[in-house]
Amino acid sequence: MPIDEEWLVAPDETATTEVHEWILQGLNQLPLEQRMVLEFAYDLGHSCEEIATIMACPVNTVKTRLFHARRKLRQILPGLAGLETP
């Protein structure tokens, strides 16, 4: 199908902004160490090994902090979105 025949859908900027704000609110509810490892990994693209060096802790500590941070966000974010948690 030629490109001029395709329907182009504009991104929903309001929804994107709202999700971004929920994530920021969720991150602010995490302990500092957990928030930092998430930001180093997802915002800055560092590996677990690099984060361990930056934070002066073992790699397994970084992995544990990532695990707990993601688990807490999974619990927090539905409430911020106004959804019931199971």
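The values are calculated or read from the model by the stated rules, or taken from the named source; none is laboratory data. Everything quoted here is computed from the prediction, not taken from an experiment. All Cβ positions, even for glycine, are placed from backbone atoms using ideal geometry, and neighbour counts span all protein chains on display.
For region 21-56, how many residues meet the condition of being among the hydroxyl-bearing types (S, T, Y) and within 29 Å of A81 (Cα to Cα)? So the answer is 1.
In region 56-67, the residues that are at positive phi form no Cβ pair under 6 Å with any partner that is in a helix (DSSP H, G or I) and modelled with pLDDT under 95, whether six or more places apart or across chains. Scan region 38-86 for residues that are surrounded by 14 or more Cβ atoms within 10 Å (Cβ to Cβ), more than 15 Å from G26 (Cα to Cα) and either within 12 Å of the chain's Cα centre (by Cα) or at pLDDT below 95 (or both) and the total you get is 2. Checking each residue in region 19-37 for being modelled with pLDDT under 90 and surrounded by 13 or more Cβ atoms within 10 Å (Cβ to Cβ) picks out V19, W22, I23.
If we scan region 46-59, do we find a residue that is in a loop (DSSP other than H, G, I, E, B) and β-branched (V, I, T)? No, because not a single residue in region 46-59 is in a loop (DSSP other than H, G, I, E, B) and β-branched (V, I, T).
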